[in-house]
1. For segment 69-90, which residues satisfy the criterion of being within 12 Å of ligand 1 (Cβ to nearest atom) and either of a type in the set (Lys, Arg) or out of contact with any His (no Cβ under 9 Å at 6 or more places or on another chain) (or both)?
2. Looking only at segment 215-240, count how many residues are more than 17 Å from residue 190 (Cβ to Cβ) and more than 11 Å from the chain's Cα centre (by Cα).
3. Kindly indicate whether residue 127 is within 13 Å of ligand 1 (Cβ to nearest atom), of a type in the set (Phe, Trp, Tyr) and in contact with a Cys (Cβ under 7 Å, 6 or more places away or on another chain).
4. For segment 206-237, name all the residues that are open to solvent by 70 Å² or more (accessible area, probe 1.4 Å) and modelled with pLDDT of 95 or more.
5. Condition first: without any contact (Cβ under 8 Å) to a residue 60 or more places away in the chain and either open to solvent by less than 30 Å² (accessible area, probe 1.4 Å) or under 21 Å from the mean Cα position of the chain (by Cα) (or both). Can you find one or more residues in segment 261-269 that meet it?
6. Criterion first (touching a residue at least 12 places away in the same chain (Cβ under 8 Å), buried (at least 18 other Cβ atoms within 10 Å of the Cβ), over 19 Å from residue 232 (Cβ atoms) and not hydroxyl-bearing (Ser, Thr, Tyr)) does residue 92 satisfy it?
7. Just checking, does segment 275-292 include any residue being over 18 Å from residue 219 (Cβ atoms), within 14 Å of ligand 2 (Cβ to nearest atom), open to solvent by 10 Å² or more (accessible area, probe 1.4 Å) and assigned to a loop (DSSP other than H, G, I, E, B)?
8. Going residue by residue through segment 100-118, is there one that turns out to be touching an Asp or Glu at 6+ places or on another chain (Cβ under 6 Å), more than 16 Å from ligand 2 (Cβ to nearest atom) and in a strand (DSSP E or B)?
Amino acid sequence: MQLIKPDRVILVTGACGQIGTELVRALRERYGRPCVIATDIFPERTSFFEDGLYMFLDVMDGSAIRKIICERGVTHIYHLAAILSANGEQNPKDAWEINMNGLLNILEAAKNNHVQQIFWPSSIAVFGPASTKNYCPQDALPDPATVYGISKLAGEYWCRYYHDQYGLDVRSLRYPGLISHSAKAGGGTTDYAVEIFHKAISDGTYECFLRENTNLPMMYMKDAVRAAIELMEASLEKVSKVNSYNVAGMSFTPLELASEINTYVNNFKITYKPDHRQRIADGWPYFIDDRQARADWGWMPQYNMFTMTRDMMAKLRKNR
Ligand code: NAD
Ligand code: AKB
């Protein structure tokens with residue numbers, strides 16, 4: 001019997017992280033389980049991906065990336081492996097190496113081995129103190145103040161370089177803080193908006209590492225995963241030559257989120273003890289202007305703070 005070759009083979013790096021755990025599930029639902037290879041640096045965490053292929057892949061190892069692409073016939077890559085903003089500040093050189101060399105290894109292997117498309121997430125961390133704070137435009141002055149933000153900005157330019165010089169179809173979104181119920185947040189400055197739900201349910205209290213009035217852009221993971229897939233499926237002529245698209249979901253402060261959680265958890269108490277992450281948050285925009293993504297490929301968020309909180313509470317309570 002002749003084997004039917006799938007029309008795409010998708011490689012996901014950093015698949016055990018906050019985005020990867022939900023993205024792999026969504027990609028498998030959409031394109032079929034055998035089409036998606038989940039990879040990360042945890043050899044033992046195969047239970048995450050029992051329904052399909054999981055492999056060890058360190059993105060610092062360029063020859064291992066090439067080997068997987070060639071042996072498996074990879075056509076599409078979602079490159080998620082990275083060190084996030086708060087963790088990056090603890091060890092800036094390592095964060096730079098992983099974020100930058102990891103991306104370059106992926107771009108180089110993709111260019112030389114006929115990979116058709118790459119998705120690479122950038123971040124609102126490309127913006128900083130000198131950037132526009134309110135409705136930060138697509139082409140606002142970037143001013144990254146963390147090694148993470150610097151690596152994201154440089155990454156955006158590397159992606160554009162590989163597109164312009166070698167015709168590589170690399171697509172990118174500047175995600176705000178992402179909120180999900182299925183995985184822990186991975187060492188970022190916006191992590192409070194995930195931790196607060198777990199603590200509200202388990203303890204009825206939460207000590208927040210940001211001040212009560214720190215307004216930041218956020219997005220529910222369901223929207224974030226859908227945005228990545230929609231951007232990748234958009235026809236080429238709809239994707240203008242921006243380095244990475246601003247995308248927005250909602251914006252709120254810890255005080256506003258806590259008061260919404262209060263409607264689900266009686267007597268929920270939040271206290272505030274700002275730490276080193278406050279400085280990072282203070283540099284980021286409050287709101288993101290994502291009109292270009294909406295106009296170009298039809299981006300539209302579906303969750304606001306109220307519907308996201310309702311879904312988070314329901315899912316977390318069910319999981320317990
Ligand atoms: P995460 O920290 O939860 O997951 C990252 C994964 O990368 C982890 O599972 C980790 O084990 C893996 N990893 C680290 N070093 C690696 C290496 N050398 N080789 C292979 N894998 C390695 O992060 P996330 O939240 O899932 O973020 C994924 C991507 O999305 C990152 O590029 C991040 O910058 C970007 N992003 C995330 C957010 C957010 O709020 N979560 C916002 C903006 C952008
Ligand atoms: C972080 O806080 O580092 C991430 C991000 C906005 O990129 N959530």
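1. Within segment 69-90, the first condition is being within 12 Å of ligand 1 (Cβ to nearest atom), and the residues that meet it are 78-88.
Selection gives 78, 79, 80, 81, 82, 83, 84, 85, 87, 88.
2. 13
3. Values: within 13 Å of ligand 1 (Cβ to nearest atom): yes; of a type in the set (Phe, Trp, Tyr): yes; in contact with a Cys (Cβ under 7 Å, 6 or more places away or on another chain): yes.
Considered against the rule, which asks whether it is within 13 Å of ligand 1 (Cβ to nearest atom), of a type in the set (Phe, Trp, Tyr) and in contact with a Cys (Cβ under 7 Å, 6 or more places away or on another chain), residue 127 comes out as yes.
4. The answer is 207, 211, 212, 213, 222, 233.
5. No, segment 261-269 contains no residue that is without any contact (Cβ under 8 Å) to a residue 60 or more places away in the chain and either open to solvent by less than 30 Å² (accessible area, probe 1.4 Å) or under 21 Å from the mean Cα position of the chain (by Cα) (or both).
6. Considered against the rule, which asks whether it is touching a residue at least 12 places away in the same chain (Cβ under 8 Å), buried (at least 18 other Cβ atoms within 10 Å of the Cβ), over 19 Å from residue 232 (Cβ atoms) and not hydroxyl-bearing (Ser, Thr, Tyr), residue 92 comes out as no.
7. Within segment 275-292, one or more residues are over 18 Å from residue 219 (Cβ atoms), within 14 Å of ligand 2 (Cβ to nearest atom), open to solvent by 10 Å² or more (accessible area, probe 1.4 Å) and assigned to a loop (DSSP other than H, G, I, E, B).
8. yes
The values are calculated or read from the model by the stated rules, or taken from the named source; none is laboratory data. What you see is a predicted model; the values in this text were computed from it and never measured. We place every Cβ from the backbone using ideal geometry, glycine too, and count neighbours over all the protein chains shown. Accessible surface areas use protein heavy atoms only, side chains included; no ligands, DNA or RNA. Shrake-Rupley method; radii C 1.70, N 1.55, O 1.52, S 1.80 Å.
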